[in-house]
Amino acid sequence: MKHTIKFACATLACLAGASAQAGGISDVGVNAYWGSDSHNLGDVIGGSVYDIQGATITRAGTVLTIAIATSFAGHAGVESTQARNGIGYGDVFLADTWNPYGTDSHHEKDNASNGTLWDYGFSLDNRWSNTGGTFKLYQLNGATNAANIKNSESFMSCALGSACYYRNGQATAVNTASKTVKDTGLTGTWSVTADKALTFTINLASSELLNYSSFAMHWGETCQNDVIEGVTTVVPAPGSAALLAIGLGGLLVARRRRRA
């Protein structure tokens, strides 16, 4: 019987490993997303400290992990004269499809009013922490992004163009006070790592995000001086019924071998 249990556990472990899927979104090169209102400064406004290189989205079973490689990791709180509390980390926005405005490679006219309608957002507990913390998963139910989010203008205190520039009009944070925004009850953790990355991890449990075959994502600093946006394919995780069926199948096969 011990051998049977070990066989079943091994079967389930193999399945769990096989269900891990990852995809990447790049913010480097000719197809990197810029978004609108870069004020003719291109991909990055305000120097290399704001640069974003890319993101990796991984789902292993029910656990979703998003790692964003950015030079801004560890620099929250800078430019305190230009923004209340300084520049911080924006929230992560997700959808199952990506519909940016415009056909040019950088989507230079795309913003929150004409681009992808985001379905979910990670609302950070303290976006000015340089060690990490927790976040809540919110479902965004408004007919437009304007009903669900806050743009960078909500965080900047300098007059646009007067000694400071920022990318206005981009989705920056979940508007948790909006009636169209719903707390799913799910929480996750985020961290700032030594290799210049922000890592967000959440167990999706019964969330419909488990059914997504692709993830569109948007993230930037609260000034949105650099923005990463794009879509990647991530195969849906097997349901619990499938796991159970395969596990029971393993038990039956092992038992028959014992009898033989």
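A short reminder: the numbers here are calculations on the coordinates, not readings from a lab. In this text the structure is predicted, and so the values were computed from the model without any measurement. All Cβ positions, even for glycine, are placed from backbone atoms using ideal geometry, and neighbour counts span all protein chains on display.
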**Item:** Whole-Hz ³J(HN,Hα) from phi, Karplus 6.51 cos²θ - 1.76 cosθ + 1.60, for segment 190-207, glycine and proline x
**Value:** 9, 9, 10, 9, 5, 8, 6, 9, 9, 10, 10, 10, 8, 8, 6, 6, 9, 5
**Whole-number Å³ per residue for the convex hull built on Cα positions in segment 116-172** = 99
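State whether segment 107-148 is rounded, prolate or oblate according to the following rule on the C-alpha gyration tensor (a ≥ b ≥ c being the square roots of its eigenvalues): a/c under 1.5 gives rounded; otherwise a/b larger than b/c gives prolate, and the remaining case gives oblate.
Oblate shape, in that a/c is at least 1.5 and b/c is the bigger or equal ratio.
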**Asked** Tell me, what ³J(HN,Hα) does each residue in segment 59-71 have, in order and in whole Hz, if you take phi through Karplus 6.51 cos²θ - 1.76 cosθ + 1.60 with θ = phi - 60° and put x for Gly and Pro?
**Response** 10, 10, x, 9, 9, 9, 10, 10, 10, 10, 7, 8, 5
**Message:** Using a Förster radius of 35 Å, what is the FRET efficiency between T201 and A159 based on their Cβ-Cβ separation? Nearest 0.05, please.
**Reply:** 0.35
**Prompt:** What are the principal axis extents of the Cα atoms in segment 22-237, in Å, biggest first?
**Reply:** 48, 37, 37
